[in-house]
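The values are calculated or read from the model by the stated rules, or taken from the named source; none is laboratory data. Fair warning: this is a prediction, and the values are worked out from it, not measured in the lab. Heads up, the Cβs are rebuilt from the backbone with ideal geometry, glycines too, and the neighbour counts pull from every protein chain shown.
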Amino acid sequence: MQFFDQTAVAQALPYPALIDALAAGLQLPIASPLRSHYEPNGDASTVLIMPAWRPQHMMGVKMVSIWPGNAALGQSAVSGVYVLISCANGKPLAVLDGTELTLRRTAAAAALAARMLARKSSQTLAILGTGSLSAPLALAHASVMDFKTILVWGRDANKARAVVHSLALQGIRAQASDDLQATLAQADVVAAASTATAPFIRSDWVRPGTHLGLIGAFTPTMAEAEPALMPRAQLFADSREAVLQKGGEVLQAIQQGLIAPSAIQAELAELAAQQQDWRSSDAAITVFKSVGFASLDLIAAEMVFQAAAQSGR
């Protein structure tokens, strides 16, 4: 059985190749049940268990933990492990660093959606949130679009500057912002990734033509944007089924009678399959709601395993 640590996973999953792999892999049949959700401490600390498989090929199971309180300790809020299993004989094939796998596939999925939904003339990217996903989101989006300006906003200005510094070390020039409304006023593409339990993106702050990826709120009670934004926007999901089960802003908008479930126009596999202009106009607001689903993990894990096989590892 092989082991792939954080470095090995990162090296095997460069964003351009991973984004293309997700687009192609989502067209193949993958069984991906809804994830199991546990709160072992009876608070916001969460453990998710996410299986997916291709019959007679491979199965993967990810256990990811999300501890929001870690941010105050200077530690990552997200960590995980991934086990890849042969469907031919049931034997474990590999254990992968699930944290790096999750960060990369989540950022790549959001960038794939932006590639399909954002205006081609988009020049400014805004990253909202300063957690472990912030730099991967910037890197993934920059790999699919040529942004002239990248802004990083967070409630803690020092953390925003730290993200900017991290990006600079990876060849991406960005700027820290301490004014959310001003940031949204400039942004063509927005990627929000936080553990917010109350909306901080006001509906009237999102200007016409914006593409907004809502990536951080992954339970029915969490939200990054006001539910009032949903009826103003063209709405898309990573997985329609998963978002209707757990997508905070979308569920809250449905519960408030602002939209119907049918408001979700397409999910990520459909976006990737149909090369068309999904935007109704340049002035349209597009929202991509992501809660994560296990097919993405399996595609990425297979990519890591196959890269090792090709290199003779």
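Points to keep in mind about this one:
- Enumeration of residues in region 46-69 that are among the polar types (S, T, N, Q) and either closer than 18 Å to residue 291 by Cβ or buried (at least 18 other Cβ atoms within 10 Å of the Cβ) (or both): 46, 65
- None of 200, 236 is under 21 Å from residue 130 (Cα atoms) and of a type in the set (Phe, Trp, Tyr) except 200.
Residues checked against (1) closer than 13 Å to residue 125 by Cα; (2) touching a residue at least 60 places away in the same chain (Cβ under 8 Å):
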| residue | (1), (2) |
| --- | --- |
| 152 | yes, no |
| 157 | no, no |
| 160 | no, no |
| 173 | yes, no |
| 177 | yes, no |
| 184 | yes, no |
| 191 | yes, yes |
| 202 | no, no |
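- Any chance residue 258 is in a loop (DSSP other than H, G, I, E, B), more than 17 Å from the chain's Cα centre (by Cα) and touching a residue at least 12 places away in the same chain (Cβ under 8 Å): yes
- Residue within region 9-27 that is within 14 Å of residue 297 (Cβ to Cβ), touching a helix residue (DSSP H, G or I) at 6+ places or on another chain (Cβ under 9 Å), modelled with pLDDT of 95 or more and part of a loop (DSSP other than H, G, I, E, B) present: yes
Residue-by-condition table, conditions (1) closer than 23 Å to residue 244 by Cα; (2) in contact (Cβ under 8 Å) with a residue 60 or more places away in the chain:
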| position | (1), (2) |
| --- | --- |
| 2 | no, yes |
| 10 | no, yes |
| 47 | yes, no |
| 52 | yes, yes |
| 58 | no, yes |
| 65 | yes, no |
| 83 | no, no |
| 94 | no, yes |
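- Check on residue 120, of a type outside the set (A, V, I, L, M) and either touching a Gly at 6+ places or on another chain (Cβ under 6 Å) or closer than 13 Å to residue 174 by Cβ (or both): no
- Close pairs (7 angstrom Cβ cut-off, 6 or more residues apart or separate chains): more than 23 Å from residue 267 (Cα to Cα) in region 109-135, part of a strand (DSSP E or B) and at pLDDT below 95 anywhere: 132/78
- Filtered residues of region 211-247 (kept if part of a strand (DSSP E or B) and more than 15 Å from the chain's Cα centre (by Cα)): 225, 233, 234, 235
- Of all residues making up region 1-25, the number that are crowded, with 18+ Cβ neighbours inside 10 Å and either in contact with a strand residue (DSSP E or B) (Cβ under 9 Å, 6 or more places away or on another chain) or acidic (Asp, Glu) (or both): 4
- Residues of region 93-135 satisfying the condition of being farther than 17 Å from residue 50 by Cβ and assigned to a strand (DSSP E or B): 93, 124, 125, 126, 127, 128
- Residues of region 77-134 that are more than 14 Å from residue 63 (Cβ to Cβ) and among the acidic types (Asp, Glu): 100 alone.
- For region 31-48, filtered to residues that are among the hydroxyl-bearing types (Ser, Thr, Tyr) and closer than 16 Å to residue 221 by Cα, the residue that is nearest to the chain's Cα centre (by Cα) is 46.
- Residue 72 falls short on exactly one of the conditions (1) of a type in the set (A, V, I, L, M); (2) surrounded by 14 or more Cβ atoms within 10 Å (Cβ to Cβ); (3) farther than 20 Å from residue 5 by Cβ, and that condition is (2).
- Just one of the listed residues (242, 260) is of a type in the set (Gly, Ala, Ser) and closer than 27 Å to residue 85 by Cα, namely 242.
- Search result, residues across region 197-217 that are under 25 Å from residue 34 (Cβ atoms) and crowded, with 21+ Cβ neighbours inside 10 Å: 212, 213, 214, 215, 216, 217
- Taking the numbered list (1) in contact (Cβ under 8 Å) with a residue 40 or more places away in the chain; (2) outside any strand (DSSP E or B); (3) not acidic (Asp, Glu) in turn, residue 90 passes all entries but (1).
- Yes/no for residue 138 being surrounded by 14 or more Cβ atoms within 10 Å (Cβ to Cβ) and out of contact with any Gly (no Cβ under 8 Å at 6 or more places or on another chain): yes
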